[in-house]
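Here's the structure we're looking at; comments come further down.
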Amino acid sequence: MNIIPAIDLIGGKAVRLVKGDYDKVTVYNDDPVAVAKEFELAGAKYLHVVDLDGAKDGTCANFDTIKRITENTSLSVEVGGGIRTLDRVKSYIDIGVDRVIIGTAAVTDPEFLSAAVNAYGEKIVVGVDIKDGYVAIKGWLETSALSCFDFCQKLEELGVKTIICTDISKDGMMSGTNRDLYRELYDNFEMNIIASGGVSSEEDIVVLANMDIFGAIVGKALYTGALELSKCITLANIMEEI
C-alpha cells in the first residue's frame, strides 16, 4: 500500500480544514513547495494536492504553486479541486501532474468525465466524497442524490481505474478512518481504492495495508505530529512483505 501525504491549498498556503468546513481553516505552512520537499525526503513517492479555492469556486488560484511543486520535486503528484473542463485537465498534465482528480464534475457532468477518461485513461482519478452515505460535491458544500456504491458502480462501468474515497465525517477529526467502508469498496469493485479522511494512527495504516488497497492519504496527522511519514511508509512496506 502506498502512503500518500496531502497538501491542501488556499491562497497559495498549505492548510487543513475540519470536515471540509471553510470557516475552520488552519494554516500549517506558507510554503507548500517546502512541505512537498520534506515529504520527498521522508521517502514519499506520491503527493496528493487539493486546490480548495478551486473546489469551492472553480477557479485556478493555486496553479502556479502546484507547478512549482512538480518542477521542484520528483513526486508523482495528483491534483484535485475545481477541475471541470478538458482544458483544465490538460493544463495540469502539461505541467507534470501525473493524475488529475475529478470530483464535483464526475457527478454533475458525466459526459465530461467520460471524455476525460477516453482522452487520458488512468491519469483520471475520481474523488468520491461521502457524507451520510451519499456523494458530496462543490467542496463538500452540497450533497447529491447519488449513493456511494451506486456512483462507484457507474464509475467502474465508465472505465475509471482509481477512486479516492473520503468519509467527510472522519476528515480532520483525528478519530480514525472508516475501515468498514474501504473493506466494502475493495470487496465489491475492481478499481484501485485510495482511502482518505481520518487516517491518524499506525493501527489505521496496518489495517488498511492488510486490505491490500492501493493507497492511504495522510494529512492532518502529519502536520500535528501524530504520525511520522517515514515511519508510516516503512510500516506499509513491512505489511506488504508479510
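Structure above, values below:
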item	result
Residues of segment 142-167 classified as over 15 Å from the mean Cα position of the chain (by Cα), open to solvent by less than 60 Å² (accessible area, probe 1.4 Å) and without any contact (Cβ under 8 Å) to a residue 40 or more places away in the chain, total	6
Lone unmet requirement of (1) open to solvent by 10 Å² or more (accessible area, probe 1.4 Å); (2) out of contact with any helix residue (DSSP H, G or I) (no Cβ under 7 Å at 6 or more places or on another chain) for GLY215	(1)
All positions within segment 26-37 that are of a type in the set (Gly, Ala, Ser) and touching a residue at least 12 places away in the same chain (Cβ under 8 Å)	ALA36
ALA55, sole failed condition from (1) in contact (Cβ under 8 Å) with a residue 60 or more places away in the chain; (2) within 21 Å of LEU227 (Cα to Cα); (3) within 18 Å of the chain's Cα centre (by Cα)	(2)
Subset of segment 4-15 (residues that are within 15 Å of the chain's Cα centre (by Cα) and open to solvent by 10 Å² or more (accessible area, probe 1.4 Å))	ASP8
Criterion (touching a residue at least 60 places away in the same chain (Cβ under 8 Å) and in a strand (DSSP E or B)) met by exactly one of ASP8, ASP23	ASP8
Qualifying residue in segment 183-190 (condition: open to solvent by less than 40 Å² (accessible area, probe 1.4 Å), hydroxyl-bearing (Ser, Thr, Tyr) and within 17 Å of ILE164 (Cβ to Cβ))	no
Residue match in segment 97-113 (condition: within 14 Å of the chain's Cα centre (by Cα) and farther than 20 Å from LEU47 by Cβ)	yes
For LYS220: the one exception among (1) of a type outside the set (S, T, N, Q); (2) under 12 Å from ILE3 (Cα atoms); (3) surrounded by 15 or more Cβ atoms within 10 Å (Cβ to Cβ)	(2)
Criterion violated by GLY176 - all others in (1) open to solvent by 20 Å² or more (accessible area, probe 1.4 Å); (2) at positive phi; (3) of a type outside the set (Phe, Trp, Tyr) satisfied	(1)
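Conditions (1) in contact with a strand residue (DSSP E or B) (Cβ under 9 Å, 6 or more places away or on another chain); (2) over 26 Å from ASP212 (Cα atoms); (3) among the charged types (D, E, K, R), marked per residue:
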{"site": "ASN29", "(1), (2), (3)": "yes, yes, no"}
{"site": "LYS45", "(1), (2), (3)": "yes, no, yes"}
{"site": "VAL49", "(1), (2), (3)": "yes, no, no"}
{"site": "LYS56", "(1), (2), (3)": "yes, yes, yes"}
{"site": "ALA61", "(1), (2), (3)": "yes, yes, no"}
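The values are calculated or read from the model by the stated rules, or taken from the named source; none is laboratory data. Just so it is clear, the model here is predicted, and its values are computed rather than measured. Glycine also receives a Cβ, built like all others from the backbone with ideal geometry; neighbour counts cover every protein chain displayed. When the accessible area is computed, the model is the full protein with side chains, heavy atoms only, and any ligands, DNA or RNA have been set aside. Shrake-Rupley method; radii C 1.70, N 1.55, O 1.52, S 1.80 Å.
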